[in-house]
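**Q** Sharing a structure, written as structure tokens. Questions coming.
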Ligand SMILES: Cc1ncc(C[n+]2csc(CCOP(=O)(O)OP(=O)(O)O)c2C)c(N)n1
Ligand SMILES: [Mg+2]
């Protein structure tokens, strides 16, 4: 077991974890009150993994996480007021109220997001590492991702490049035993996730993610290796989320007893107890850390509530397109009020209309053979067409035939 650091460090670690815990409890409450919108993924129970990691990072290091990162941003130094305002969709939020819970971002504190795509942050972490290496900076990028994300193609591709280019990146798997409702032994062929990058030459270690000091020790060594030896590192931290995957999760995939068992390992309770028993902190200081957290979080909710919503006429600001939006992606430049098919109250009628249009479309090709898209292409005139005679094929493209107007293509 790692030794306790000095009293000031112990207090700081405890206060950070308590703040994050209280912040997330409040975020959950505000979500139920419909003040916070979109999706909400809480990391309650995972505080030691988060704080243990950030507490040994330097200011110049980068952190990149997933969609479960309110705590990561706060631990990195982002103002909790701004994180709460982001959850509320307000202008003072970290992304101007346009990102919400999954897209907290704070370049000033080198917290690079907040990504909704599982595994999507891995190649970006490699890019950040490459940028530091290219500029000759000493910064290390810490990339935190879930056990589920270790199964994505991005994982293998990123490990390969990180090893090949000796990128200063520390990969940290937050193994909370589940990817949504699927247990790690049901989603990963290799359940020792620290071994998953061995084939690329990246050896990994495992740490107790419920013990803030164990995480600190493991991460400090990983950072040193990445910074000084220019070797990417992989750490698997065992942790647990007490709440569901997101706010809407009936949790049928695990027993209550399992959750209770992990609550016994609570990172905050146990660390506070250890500090008090060792005489490093007094009960009074432990209470003070909690009171302070309460104060900050209440103020954050008030701040978010008072912050205005972004004005409607700024809706199309900050959109990014590399070319004129003329391809399959396009910027919707219509007025902001709901348009056909966007109003939930009208949904049943819209769905019926769509189904009817689909049925009518399908019926048109019922006489005769159904067209085979592999032969005919997918442009159809609603009637079956003869397969082209290869003898007559002059290599010229077939005439384009008009597609009947279906619901999707209907005018607004
Ligand atoms: C590419 C992609 N596939 C699927 C999803 C849907 N999805 C959201 S979270 C999640 C589970 C990820 O689990 P894990 O990586 O263990 O992270 P955790 O939620 O446990 O923190 C899935 C499959 C997604 N967001 N992105
Ligand atoms: Mg997981």
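**Q** Enter the angle in degrees (range 0 to 90, nearest 10) between the Cα long axis of helix 121-135 and the first principal axis of the Cα atoms of the chain, meaning the one along which they spread out most.
**A** 70
**Q** Quick one: of the DSSP bridges fully inside the chain, what percent are antiparallel, nearest 5?
**A** Just about 10 percent of them are antiparallel.
**Q** State, to one decimal in nm, how far the label point of residue 335 lies from the label point of residue 221, with both points 7 Å from Cα in the Cβ direction.
**A** It works out to 6.4 nm between the two label points.
**Q** Using the basic label-point model (7 angstrom from Cα toward the beta carbon), what is the residue 205 to residue 314 distance in nanometres?
**A** Taking the two extended label points, one gets 4.5 nm.
**Q** If I stretch the segment between residue 276 and residue 190 completely, what's the gain in nm (0.36 nm per residue apart, minus their alpha carbon distance), one decimal?
**A** 27.0 nm
**Q** What's the exposure ranking of 356, 337, 86, 24, going from fewest to most Cβ atoms within 10 Å?
**A** Result, fewest neighbours first: 337, 356, 24, 86.
**Q** On to the next question. Between helix 7-32 and the chain, what is the angle of the helix's C-alpha long axis to the longest principal axis, kept within 0 to 90° and rounded to the nearest 10?
**A** 40
**Q** Further question on the same structure: To make sure I understand, if each residue's beta carbon is the centre and we count other beta carbons within 10 Å, what order do 212, 276, 252, 298 fall in, fewest to most?
**A** Taking fewest neighbouring Cβ atoms as first place, the list is 252, 298, 276, 212.
**Q** Which order do the peptides 1-8, 303-310 come out in when sorted by mean C-beta neighbours inside 10 angstrom, highest first?
**A** Going by the mean number of other Cβ atoms within 10 Å, highest first, we get 303-310, 1-8.
**Q** Full-extension gain between residue 306 and residue 343, please, as 0.36 nm times their residue separation minus the C-alpha to C-alpha distance.
**A** 10.5 nm
**Q** Restricting to DSSP H runs of at least four residues, report the calculated mean residue ellipticity at 222 nm for the chain, -39500 (n - 2.57) per run over all residues, nearest 500 deg cm²/dmol.
**A** -12500 deg cm²/dmol, from helical runs alone.
**Q** Quick one: Debye curve from the alpha-carbon atoms of the stretch 7-306 only, equal weights, vacuum; give me log10 I(q)/I(0) at q = 0.09, 0.10, 0.11 Å⁻¹ to two decimals.
**A** Debye curve over Cα of the stretch 7-306, log10 I(q)/I(0) at q = 0.09, 0.10, 0.11 Å⁻¹: -0.41, -0.50, -0.62.
**Q** Something else about it: Between the helical axis of 283-306 and the dominant principal axis of the chain, each derived from Cα atoms, what acute angle in degrees is found, rounded to the nearest 10?
**A** 30
**Q** Here's something else I'd like to know. Fewest first, what order do 19, 170, 161 take by the number of other Cβ atoms within 10 Å?
**A** Ordered from fewest to most neighbouring Cβ atoms within 10 Å, 19, 170, 161 come out as 161, 19, 170.
**Q** Now a separate question. For an R0 of 41 angstrom, estimate the FRET efficiency from the Cβ-Cβ distance between residue 6 and residue 33 and round to the nearest 0.05.
**A** Approximately 0.50, to the nearest 0.05.
Readers should treat all values here as calculations from the given coordinates under stated rules, not as data from a laboratory. Just so it is clear, the model here is predicted, and its values are computed rather than measured. Positions of Cβ are generated from backbone atoms using ideal geometry, with glycine treated the same way; all protein chains shown enter the neighbour counts.
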